[in-house]
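Participant: My structure is below; once you've seen it, I'll send some questions.
The values are calculated or read from the model by the stated rules, or taken from the named source; none is laboratory data. Since the structure is predicted, the reported quantities are computational estimates derived from the model, not experimental observations. Here the Cβ is made from the backbone with ideal geometry for all residues, glycine too, and neighbour counts use every protein chain on show. To get the accessible areas, we keep the full protein, side chains included, count just its heavy atoms, and leave off ligands, DNA and RNA. Shrake-Rupley method; radii C 1.70, N 1.55, O 1.52, S 1.80 Å.
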Amino acid sequence: MNKIAESELIINSRGAVYHLDLKPAELASTIITVGDPGRVEEVSKHFDSIEVTSSHREFITHTGYLGKKRISVVSTGIGTDNIDIVMNELDALVNIDFASRTVKPSLTPLTIIRVGTSGALQADIPVDSFVASTHGLGIDNLLNFYRRENNEEEIQLLQAFTTQTQMGNQLAAPYIGSAGPFIQKHFVEGFHHGITVTCPGFYGPQGRVLRLGLTNADLIDQLTEFRFGNHRITNFEMETSAIYALGKLLGHHCLSLNAIVANRVQKTFSKDGAAAVENLITKTLDILAGIA
């Protein structure tokens, strides 16, 4: 087995992975990721006990118990560049032997659930509702640095997307990943379902105009109008596609859940986004507590 060099996997002086500052024993196999570091406590306040707290840069982790279920909450910060760090380091914590710096012969799948906020791209998805993403479609370029394969449905979705939107002519090649069916099946009732587009920014990449003109002024309409069979684009944000695509490559069960705080078609914004997020957190934890 090839040894991973110190420059490639950085382990700090206390034996923890560099960015997350976690040791393998400090991570649960069920993980909730949140973008906002302040949201970690909003999740862990519902735990019955907390055994680990860690903070390094924007990466804050609380690991504890909800009943008998051990859960870690990890903040990722914003964007797929941070997701690249988080997903690779979460995987390293369970699937790389830190002492020998080699990949373990038996790999451990993690359950990773994003709990975040998003903007809806369909008029019938109101603010304060929830979306569980069936797919994450990235227009941010991250996964073009990795070797990957898509299943037939994903290939057809990508082809339809580039044909209908012509975005592949203007941007880096889009990529796609699917939700993990093992975890997705538990999040049906009370959720809208559809494709989440992941963008590399909040303003221009999501069609917002302040003082700068856009190369694609029709972005919102192109995404809203996309159809492939029963599939449509429900929302967009800045993390889901990387979680799904990297999670699939690494063998983890991933799901992205979003509280809708804006509807870009109706041009409405939630009057209490914090309450919507709190409702999503409690619903997610209730479901997780019931999964064996």
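Participant: Among the residues of the range 239-276, write down those that are open to solvent by 10 Å² or more (accessible area, probe 1.4 Å), assigned to a helix (DSSP H, G or I) and not small (Gly, Ala, Ser).
Facilitator: LYS248, LEU249, LEU250
Participant: Also, quick follow-up: Identify, please: which residue in the range 148-187 is under 20 Å from ASP81 (Cβ atoms) and without any contact (Cβ under 8 Å) to a residue 40 or more places away in the chain and is, among those, surrounded by the most Cβ atoms within 10 Å (Cβ to Cβ)?
Facilitator: The qualifying residue surrounded by the most Cβ atoms within 10 Å (Cβ to Cβ) is PRO174.
Participant: Further question: In the range 240-292, what count of residues is obtained for those that are under 18 Å from the mean Cα position of the chain (by Cα) and among the aromatic types (Phe, Trp, Tyr)?
Facilitator: Total satisfying the criteria: 1.
Participant: Also: Considering the range 68-81 alone, what residues qualify as being open to solvent by less than 50 Å² (accessible area, probe 1.4 Å) and in a loop (DSSP other than H, G, I, E, B)? Walk me through how you get there before you give the answer.
Facilitator: So in the range 68-81, the residues open to solvent by less than 50 Å² (accessible area, probe 1.4 Å) come out as 69, 71-77, 79-80.
Selection gives THR76, GLY77, GLY79.
Participant: If THR33 satisfies all but one of (1) open to solvent by 20 Å² or more (accessible area, probe 1.4 Å); (2) under 15 Å from LEU285 (Cα atoms); (3) touching a Ser or Thr at 6+ places or on another chain (Cβ under 7 Å), what's the number of the condition it fails?
Facilitator: In the conditions (1) open to solvent by 20 Å² or more (accessible area, probe 1.4 Å); (2) under 15 Å from LEU285 (Cα atoms); (3) touching a Ser or Thr at 6+ places or on another chain (Cβ under 7 Å), THR33 misses (1) alone.
Participant: Go through the range 215-238 and count every residue that is at pLDDT 95 or above, of a type in the set (A, V, I, L, M) and either open to solvent by 70 Å² or more (accessible area, probe 1.4 Å) or not in a helix (DSSP H, G or I) (or both).
Facilitator: Result for the range 215-238: 2.
Participant: Go through the residues of the range 37-56 one by one and say whether even a single one is acidic (Asp, Glu) and under 16 Å from the mean Cα position of the chain (by Cα). Step through it out loud before you land on a result.
Facilitator: Narrowing the range 37-56 to residues acidic (Asp, Glu): 41-42, 48, 51.
Imposing the further condition that a residue be under 16 Å from the mean Cα position of the chain (by Cα) reduces the set to none.
Among the residues of the range 37-56, not one is acidic (Asp, Glu) and under 16 Å from the mean Cα position of the chain (by Cα), which makes the answer no.
Participant: A further question on this structure: Scan the range 39-74 for residues that are more than 24 Å from ALA259 (Cβ to Cβ) and of a type in the set (Ser, Thr, Tyr) and jot them down.
Facilitator: Matches in the range 39-74: SER49, THR53, SER54, SER55, TYR65.
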